[in-house]
Amino acid sequence: MSSMIKGLGIDMVSFDELTPRISEGFIERILSSEEIKLFNKITNPERKIAFLAGRFAGKEAFVKAHQAFAEPLNFKDVSILPNGQGAPFIQCEKVSTEGLQISISHTQSHAIAIVIRT
């Protein structure tokens, strides 16, 4: 039995376009408290940019996959965390994340994320 796709979102972020926007305020608006803990453990500057870009792309894709929300949703309300095998999954207390799949990929210059809602 196959599941019908109810929503699909995809987003790509350029590291060069993201880097000038990075500030403490930007990080606090984009990352949840759980993600900030993960971000602060990263010591490699390039990896920090890739992490931010991947989370930003993932959250944009999440919003596109849902298309509409009953109440406003901030990016920091959404957490993209690693599961036991390191693959990303989405947590959000304001919106059901049941039936969501997320994949994030990086190159030297971009991050891309796709979210499928079934």
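Selection of segment 24-53 for residues being within 13 Å of the chain's Cα centre (by Cα) and without any contact (Cβ under 8 Å) to a residue 12 or more places away in the chain yields only ILE36.
What about LYS64, is it among the charged types (D, E, K, R), touching a residue at least 24 places away in the same chain (Cβ under 8 Å) and surrounded by fewer than 19 Cβ atoms within 10 Å (Cβ to Cβ)? Spelling it out, LYS64 is indeed among the charged types (D, E, K, R), touching a residue at least 24 places away in the same chain (Cβ under 8 Å) and surrounded by fewer than 19 Cβ atoms within 10 Å (Cβ to Cβ). Looking at this structure, is SER109 loosely packed, with under 15 Cβ neighbours inside 10 Å and of a type in the set (Ser, Thr, Tyr)? Against the criterion (loosely packed, with under 15 Cβ neighbours inside 10 Å and of a type in the set (Ser, Thr, Tyr)), SER109 qualifies. Looking only at segment 13-53, residues that are crowded, with 19+ Cβ neighbours inside 10 Å and among the charged types (D, E, K, R) come to 1 in all. Residues that are among the polar types (S, T, N, Q) and part of a strand (DSSP E or B) were ranked within segment 90-115; the one that is farthest from LEU52 (Cα to Cα) is GLN101.
Going residue by residue through segment 73-83, is there one that turns out to be more than 16 Å from ASP11 (Cα to Cα), in contact (Cβ under 8 Å) with a residue 40 or more places away in the chain and charged (D, E, K, R)? So far as segment 73-83 goes, yes, one or more of its residues are more than 16 Å from ASP11 (Cα to Cα), in contact (Cβ under 8 Å) with a residue 40 or more places away in the chain and charged (D, E, K, R). When GLY9 is tested against the conditions (1) in contact (Cβ under 8 Å) with a residue 40 or more places away in the chain; (2) part of a helix (DSSP H, G or I), the lone failure is (2).
Yes/no per residue for (1) modelled with pLDDT of 95 or more; (2) not in a helix (DSSP H, G or I):
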site	(1), (2)
ILE36	yes, no
ARG47	yes, no
PHE51	yes, no
GLY54	yes, no
GLY58	yes, no
PRO72	no, yes
SER79	yes, yes
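LEU18 meets each of the listed conditions (1) in contact with a strand residue (DSSP E or B) (Cβ under 7 Å, 6 or more places away or on another chain); (2) assigned to a helix (DSSP H, G or I) apart from (1).
The values are calculated or read from the model by the stated rules, or taken from the named source; none is laboratory data. Remember, predicted model here, so these are calculated numbers, not experimental data. Because the Cβ atoms are built from the backbone with ideal geometry, glycine has one as well, and the counts that use them run over all protein chains shown.
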